[in-house]
Amino acid sequence: MSSPVIGSSTLANINGIASQSKTTGTNSGSELNDRFMTLLVTQLKNQDPTNPMENSEMTAQLAQINTVSGIQKLNDSLSAITQQIDAGQALQATALIGKGVMVPGNNILVGRAGDSDTNVVATPIGVDLEQDVQSLQIDIRGANGEVVDSFSTGPMKAGVHSFTWDGVLADGTNAAAENTYTASISGKVGDETFAPQTLNYALVNGVMRGADGPRLDLGYAQDPVALSAVRQIL
C-alpha cells in the first residue's frame, strides 16, 4: 500500500473551510492548522508499516501546512492594512470640506459679485493633459449646446491646468446669472486634434461613505466623487 498524500482537492476543501471560518469570525488560522495536523496524524496511523512515509513526503506536507497558514496570515495582514488606509483616506477627505476642487466635468456656474449686475463671476474650468500640446481651443456653450464664447491658449505642458472665463459672451453681453454653462476643450498636437479630460470646479460640502471608500459630496450640481477624482485643490 502506498503512502497517502494530501491531494490538491483536499487542499481546496480546506481552503474553502478556512475562508468560511474567516467570514464567520472564528479563529481560522488555528482551525486550519488543526485540520492539517489531523490529516497528517491520520496518514501516519494508517500507513503501511512495510512502506512507511518517506522523510521527504513528511517535509513536503509540513511545508504545505506552513504555506497555507502563511497565506492566511498574509490575508489577515492585508485586510488590516486596507482598513487603516480607508481610515486615513476618510480623515484626509474631511480636510477638504469647504474647499474648492477641480474634478472631471465640464460645468461652469455663473453668478454676480456683490450687488452689481455687470460684475459677472464664473467658476474655473480646467484640463488634465497627458501630453504637451501646441494649443488648446476652449468653447463655452449655452443651455442648448450653442457656442456662446471661445478662446484659445498657447503651448501647454502635460499636467493639470485651470482657466477663468470672464463671463462675457461673444456678442459683448454678460452671461445670465445663476445659469449653468458648459465647456468643451480640444487640444492640438501637430496636425491632429484630441479631446483631453475636462475639469470643472466644485465645492466640497461633506464626506460620505461609499463602497470603494470615502466620497466627496459636491452638492446638487454634481454626483459625489472618490478622492482619486480630485485633480487640483484651489
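Highest first, please rank the peptides 95-108, 143-156, 123-136 by the mean number of other Cβ atoms sitting within 10 Å of their residues. Don't skip to the end; give the middle numbers.
On the way: 95-108: 16.6, 143-156: 12.2, 123-136: 18.2.
Those peptides, ordered most packed to least, come out 123-136, 95-108, 143-156.
Could you order the peptides 185-191, 214-220 from most to least packed, using the average number of other C-beta atoms within 10 Å per residue?
Taking the mean over residues of other Cβ atoms within 10 Å, the ranking is 214-220, 185-191.
Once you keep just the Cα pairs under 8 angstrom separated by 6 or more residues, what percentage relative contact order results for the range 104-201?
42 percent
Bear in mind these aren't lab numbers, they're just calculated from the coordinates by the rules spelled out. All values reported here derive from a predicted model rather than from experimental measurement. Don't worry about glycine lacking a Cβ; one is built from the backbone with ideal geometry, like all the others, and counts go over all protein chains shown.
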